[in-house]
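The numbers here are math on the coordinates, done by the rules we state, and not lab data. These numbers come from a predicted model, not from an experiment. Cβ atoms come from the backbone with ideal geometry, glycine included; neighbour counts cover every protein chain shown.
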Amino acid sequence: MNQYDYDKALHFMIWGQWDDLLVLMVRTRDQFLSKKIETFLHASYYPSKQSEMLESHEALLSYIDHAQTTNDIHTNVYL
């Protein structure tokens, strides 16, 4: 997967750039990242409970962290 997608997702989340996050959701090849972004954006725009929005935010951050760590491990193995 593209390491830049995870960096972009993190940047867009930190700075509240929801439109750019939506574009990333559509363009990324990582279907798990796309689904996590979709869930987060939906919970942000249509919050039925604040806890749902916070859970989706944490799930997206956790996935980005996991994907970056996994990608770093695989990159170091091949070097």
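Calculated mean residue ellipticity at 222 nm for the chain: -28500 deg cm²/dmol, from DSSP H runs with n ≥ 4 weighted as -39500 (n - 2.57), summed, divided by the residue count and rounded to 500. Debye-formula intensities of the chain, expressed as log10 I(q)/I(0) at q = 0.19, 0.22, 0.23 Å⁻¹, are -0.75, -0.97, -1.04 (one equal scatterer per alpha-carbon, no solvent).
Relative contact order of region 3-78, taken over Cα pairs closer than 8 Å and 6 or more residues apart, is 30 percent. Cross-link reach is defined here as a Cα-Cα straight distance under 19 Å, omitting same-chain residues fewer than 8 places apart; for K36 the aspartates and glutamates meeting it are D5, D7, D19, D20, E52, E55, E58, D65.
Simple point charges give the picture: +1 on the Cβ of Lys and Arg, -1 on the Cβ of Asp and Glu, and for the chain a dipole about the Cα centre of about 160 debye. Using 0.36 nm per residue and subtracting the Cα-Cα separation, the extra length available between H57 and V26 on full extension is 9.3 nm. Among S48, S56, the order by Cβ neighbours within 10 angstrom, fewest to most, reads S48, S56.
Rounded to whole numbers, the Karplus 3J(HN,Hα) couplings from phi for region 57-63 are 4, 5, 5, 5, 4, 5, 5 Hz, using 6.51 cos²θ - 1.76 cosθ + 1.60 with θ = phi - 60°, and x at Gly and Pro.
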